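One structure below.
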Amino acid sequence: MKLSALMTVVVAAVFAAVCFGVAITGFTSLGDISDPVVLSDAKGFAWFWAFLGSVAVVMGAVSWWLVRTQKDV
């Protein structure tokens, strides 16, 4: 299955929104955790999703740049 560069931008934006949503939910729920080990694990989980969102933003930006700079052949 081939994805066009523009479709990749859209998919990356949706994936980034989902990832950042999970990360924000993870960070906002940290106040309810009293066990330090579980708190550390929850922070790592939230940071992992924030990292995935950042990767999606970078891949979307690269795809958008390719769409904008592509020369019609």
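Pairing the Cα long axis of helix 36-69 with the longest principal axis of the chain, what angle in degrees results, from 0 to 90 and rounded to the nearest 10?
The angle comes out at about 10 degrees.
For the stretch 1-32, list residues with backbone N below 12 Å from a point placed 7 Å from the Cα of Lys43 toward its Cβ?
Correct set: 30-31.
Report, in debye and to the nearest 20, how large the dipole of the chain comes out about its Cα centre when Lys and Arg carry +1 and Asp and Glu carry -1 on their Cβ.
Values: 4 positive and 4 negative charges, 91 e Å.
Roughly 440 debye, rounded to the nearest 20.
On the accessible surface of the stretch 25-73, probed at 1.4 Å, how many percent belong to carbon and sulfur atoms?
Numbers: 2630 of 3870 Å².
With neighbouring chains kept in place, the figure for the stretch 25-73 is 68 percent.
Across the chain, what fraction of all alpha-carbon pairs, as a whole percent, falls in each successive 10 Å bin from zero upward?
21, 35, 22, 14, 6, 1, 0
The values are calculated or read from the model by the stated rules, or taken from the named source; none is laboratory data. Fair warning: this is a prediction, and the values are worked out from it, not measured in the lab. Cβ: placed from backbone, ideal geometry, glycine included. Neighbour counts: every protein chain shown. Just so you know, the surface numbers come from the protein's heavy atoms only, side chains and all, with ligands and any DNA or RNA stripped out. Shrake-Rupley method; radii C 1.70, N 1.55, O 1.52, S 1.80 Å.
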